[in-house]
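Before any comments, here is the structure.
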Amino acid sequence: MILLAATEGVARFGSVFIVAAVVLFLIILFTMVPIGLWVTAYFSGVKVGIGELIGMKLRRVRPGRIINPMIKATKAGLNLKLNEMEAHYLAGGNVNTLVDALIAAQRANIDLEFERAAAIDLAGRNVLEAVRVSVNPKVIETPNIAAVSKNGIEVIVKARVTVRANIDRLVGGAGEETIIARVGEGIVTTVGSSNMHKDVLENPDSISKTVLGKGLDSGTAFEILSIDIADVDVGRNIGAQLQTDQAEADMRIAQAKAEERRAMAVAKEQEMRAEVQEKRALVVENEAQVPLALADALRSGNLGVLDQYKLSNIKADTDMRNSIGKAKDEE
């Protein structure tokens, strides 16, 4: 009895172990192999093996990102290779957008190969948007561009540029910013070469013809179809403003020169006053020596009292005459 019970226990444990192993195997199988995706691919005509799906998992590639676009491409009649799409995914490309662009190009009869589309996508451009712009041209609106004609009047122009994507030049070609800059340069050149601003206002189509003739789409990813002038306005009188600014500058220069001359004259006057004061001080000093000289002459006998009396009269007469002269000057 004990042996029979032990045998039954081992059998039950074996059954449980087998069931657990089967469950574990199924869990690993469904985790590593997307069975549902494989079934969908099989019935959609995409030939992919379970081993390839497991390989994608091991390469850290989400199979759905490859298989679903592959199904879409197969249904559209495109002959794409699974390895190429996986390589594009690993390189950082957008496989789904790439396939959509190839389908759109096929429907529009545009010759677009997988390698070129992949290069455009890896270059950072939206390849699907490029195909759409190639089929349906895009309108680029420039900002207000100010230019000055020869008579000094400012003209403000806004243009609309109709462009079509050039698939062959998408890789390495300049973008919309270059188109806008070149159109702006052409507008400035055309307005600047006009003698009168009225010529531009009367014939705005002259701007379009001149700009189109310059081949502005060279080296860009677009082909310019037309340039339409949306708005033309008259701005400031730049010529008159420049003349006014020049006159103000000349006036400031003249004022500075006049101030310089005035400062020099003031300095000269102060210098002359200093010289006069210096001479007056010398005269006062010399006059102070006269009484001392007279006293010395009297003591030495070289000057008598009568001579002193005559000198006093002469000095008094001189002072009187100076007083009379100052009074007349004041009158």
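The values are calculated or read from the model by the stated rules, or taken from the named source; none is laboratory data. Since this is a predicted model, take the numbers as computed values, not measurements. Ideal geometry is used to build each Cβ from the backbone, glycine not excepted, and the neighbour counts take in all protein chains shown. Remember, those area values only see protein heavy atoms, side chains included, never the ligands or the DNA or RNA. Shrake-Rupley method; radii C 1.70, N 1.55, O 1.52, S 1.80 Å.
See the values below:
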item: Descending semi-axes in whole angstrom, ellipsoid equivalent of segment 42-117, from the Cα gyration tensor; result: 22, 14, 9
item: Whichever aspartates and glutamates have a C-alpha closer than 12 Å to that of residue 138, once near sequence neighbours (fewer than 8 apart) are set aside; result: 129, 176, 223
item: Sulfur and carbon atoms: percent of accessible area, segment 123-185 [1.4 Å]; result: 45
item: Normalised alpha carbon radius of gyration of segment 213-284 [divisor 2.2 N^0.38 Å]; result: 2.88
item: Segment 113-238, relative contact order [Cα under 8 Å, separation at least 6], %; result: 33
item: Residue-normalised accessible area of segment 137-238, given per residue in Å² at a 1.4 Å probe; result: 49
item: Computed FRET value (nearest 0.05) for residue 113 with residue 198, which takes r as the C-beta separation and R₀ as 41 Å; result: 0.15
item: Alpha-carbon centroids, segment 164-215 and segment 67-97: separation in whole Å; result: 40
item: Spin-label model distance (nm) - residue 178 vs residue 250, 7 Å beyond Cα toward Cβ; result: 4.7
item: Estimated FRET transfer efficiency when R0 is 25 angstrom, pair residue 91-residue 129 (beta carbons, to 0.05); result: 0.80
item: Exposure rank, largest accessible area first [257, 158; 1.4 Å]; result: 257, 158
item: Distance (nanometres) between label positions extended 7 Å along Cα→Cβ at residue 282 and residue 42; result: 13.0
item: Environment charge at residue 135 (Cβ cut-off 12 Å; Lys +1, Arg +1, Asp -1, Glu -1); result: +3
